[in-house]
Amino acid sequence: MIIRDRLYIDGQWVTAAGQKTLQVVNPATEEVIAEVPAGSAPDAAAAVRAARAAFADWAAAPLEERAAWLKKLAAGLQARAEELATLITAELGMPLDLSRSIQTDMPLDIIEGYADMLDCFQDEHIDSAVVVREPVGVVACITPWNYPLLQIVLKVAPALLAGCTVVLKPSELTPLDAFLLADVVAEVGLPAGVFNLVSGSGEEVGEALARHPEVDMISFTGSTRAGRRVSELGAATIKRVALELGGKSPALVLDDADLSAAIEATLDNCFINSGQTCDAMTRLLVPEALYERTVAMATEKAKAYTVADPVGSKAKLGPLVSARQQQRVRDYIQKGIEEGAELLCGGGEQPAGLKRGYYVQPTIFGGVTPEMTIAREEIFGPVLSIISYKDEEEAVRIANDTDYGLAAAVWSADEQRAHAVARRLRAGQVAVNGGADNLIAPFGGYKQSGNGREMGRYGLEEFFEIKAILSPQK
Ligand code: NDP
């Protein structure tokens, strides 16, 4: 049992204002594995005060110095990489091998990438004006559970590099990696108040941060529901609010595509992290003429996605994060059946041989029509909907017929044609024929998938204020 009984505020581990605690449950064993403080509004306020007090010196520190701190943080985390991967598997349920690469190596690469990104601070000249980039101020980072450390560093690393100070509120379901990050912050001796950690619920700590007049910006990743709430609260003090929200992303397979490759990549993308991925391709759009082949191939290929204990097995999928999430996904599967979609494989029953743990079988529905609930709402579980279309026009229309717009994929033998279709899709990131991973390309949503961008230069720019200093004409 891991007991974390303090919050990290103003460079110190301090006792929370209240007595309440939050329990962390391992979703594979259903056992309580840890306890963390349930912070409250006074804790949030203390953290904001510390961040505000530290801001001026941190913002004024030479850029190279802030970058050097990021390198120290990355090195400190690297030294504890295996512990981190194990912790994240225990709190989230992702298979350990994947936790090592996606939940640990990738966040470290991101911190190191930002530590080298010094050329984005250049002044710009517009006639007689010089345009300078300055940090926005105190940033509250509110993060979800599905890629916990990754979502944290996508905010904290660029914010710190930009010269902002930070208060982090991680998801109450997966706070342990955030505590390890705070351990490393303390170990390397980052100046007091620059980074603060307040664990607790969204309603209590998240809302207190969103309301707080001394918070200049909220960087939020999570559901559209909570994003809307944070925006409403932040509006009272005209905060900058950067939102990374949900998705219902389409993989659009054109009639000349390599069908096998497209299906394989879509299943990988849809089922990874048991479908708990904001940019998961959960709608597979195929031409009517290829529908039967698609169904046969997808059903066959789905057999490779084994569900098992995330530790000590060759599982591709572990459990979902919580009993609540498992039930939510089962309800969507039931809804799909009730609304007339064809259950091709998987289903809502507990996978064979797994008596406990919040598992859901990888599930594929065929015959899905665009108005069905499973084609419209974000399920956040391993559930794929196959939808057929008549022609390219209809395909683009169906792909865009969603409240979301986070990501999309296009598959075609003709790259030019695929790019032309990619430009017609209302989504922040479109992968053509599988698209290579790119940790410095902008990532973020159109429509109700949000309004911010993360990763690379665009992720850094979210944390800048832009100032024009005007000189007399010469
Ligand atoms: P939630 O929106 O429930 O939670 C996200 C964070 O917001 C948590 O820290 C949560 O706290 C907090 N929160 C909840 N309610 C409030 C509130 N009223 N005020 C302030 N903060 C609040 O989302 P989930 O954790 O369930 O994450 C899943 C969702 O996140 C999915 O919809 C997914 O698509 C989206 N997501 C988007 C990503 C993107 O980059 N676009 C990436 C990852 C996920 P608490 O600890 O209480 O839960």
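The values are calculated or read from the model by the stated rules, or taken from the named source; none is laboratory data. This structure is a prediction, so every number in the text was calculated from the model and none was measured. Here the Cβ is made from the backbone with ideal geometry for all residues, glycine too, and neighbour counts use every protein chain on show.
Worth a mention:
- Complete set of residues in segment 128-151 that are surrounded by fewer than 24 Cβ atoms within 10 Å (Cβ to Cβ), more than 9 Å from the ligand (Cβ to nearest atom) and outside any strand (DSSP E or B): Ser128, Val136, Gly137
- Considering only residues in segment 64-75 that are surrounded by 15 or more Cβ atoms within 10 Å (Cβ to Cβ) and in contact with a Leu (Cβ under 9 Å, 6 or more places away or on another chain), the one that is nearest to Asp119 (Cα to Cα) turns out to be Ala67.
- Residue check, Ser201 within 17 Å of Ala46 (Cα to Cα), at pLDDT 95 or above, within 14 Å of the ligand (Cβ to nearest atom) and among the hydroxyl-bearing types (Ser, Thr, Tyr): yes
- The number of residues in segment 172-197 being without any contact (Cβ under 8 Å) to a residue 40 or more places away in the chain and assigned to a loop (DSSP other than H, G, I, E, B) comes to 1.
- For Tyr114, the requirement of being under 23 Å from Gly459 (Cα atoms), among the aromatic types (Phe, Trp, Tyr) and more than 16 Å from the ligand (Cβ to nearest atom) is met.
- Residue check for Gly227: within 13 Å of the ligand (Cβ to nearest atom), within 24 Å of Thr363 (Cα to Cα) and not hydrophobic (A, V, I, L, M, F, W, C): no
- The residue list Ala422, Ala352 contains one member that is farther than 23 Å from Gln325 by Cα and small (Gly, Ala, Ser), which is Ala422.
- Total residues in segment 50-72, condition closer than 12 Å to Pro135 by Cβ and in a loop (DSSP other than H, G, I, E, B): 1
- Per the conditions (1) over 15 Å from the mean Cα position of the chain (by Cα); (2) buried (at least 20 other Cβ atoms within 10 Å of the Cβ); (3) more than 7 Å from the ligand (Cβ to nearest atom); (4) not aliphatic (A, V, I, L, M), the sole criterion not satisfied by Ser219 is (1).
For (1) within 12 Å of Ile142 (Cβ to Cβ); (2) surrounded by fewer than 24 Cβ atoms within 10 Å (Cβ to Cβ), each residue gets a yes or a no:
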position: Ser201; (1), (2): yes, yes
position: Leu209; (1), (2): yes, no
position: Pro213; (1), (2): no, yes
position: Leu233; (1), (2): yes, yes
position: Asp255; (1), (2): no, yes
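- Yes/no for Thr165 being of a type in the set (S, T, N, Q), touching a Phe, Trp or Tyr at 6+ places or on another chain (Cβ under 6 Å) and under 24 Å from Glu461 (Cβ atoms): yes
- Scanning segment 399-458 for residues that are of a type in the set (S, T, N, Q) and surrounded by 15 or more Cβ atoms within 10 Å (Cβ to Cβ) yields Asn400, Thr402, Ser412, Gln429, Asn433, Gln448, Ser449, Asn451.
- Total residues in segment 405-449, condition of a type in the set (Ser, Thr, Tyr) and closer than 14 Å to Ser249 by Cβ: 2
- Of the residues making up segment 91-147, those that are of a type in the set (Val, Ile, Thr) and closer than 25 Å to Glu30 by Cα number 3.
- Here the strands (runs of 3 or more DSSP E) wholly within segment 262-374 that include at least 3 residues being within 16 Å of the ligand (Cβ to nearest atom) and surrounded by 15 or more Cβ atoms within 10 Å (Cβ to Cβ) are 281-287.
- Cβ-Cβ under 6 Å pairs, at least 6 apart or on other chains, segment 456-473 side within 22 Å of Ala140 (Cβ to Cβ), far side charged (D, E, K, R) and assigned to a strand (DSSP E or B): Phe464/Arg133; Glu465/Glu134
- Once segment 425-474 is narrowed to residues that are among the hydrophobic types (A, V, I, L, M, F, W, C) and part of a loop (DSSP other than H, G, I, E, B), the residue that is farthest from the ligand (Cβ to nearest atom) is Ala436.
- Some residue of segment 239-253 being within 30 Å of Glu264 (Cβ to Cβ), β-branched (Val, Ile, Thr) and near the ligand (Cβ under 9 Å from one of its atoms): no
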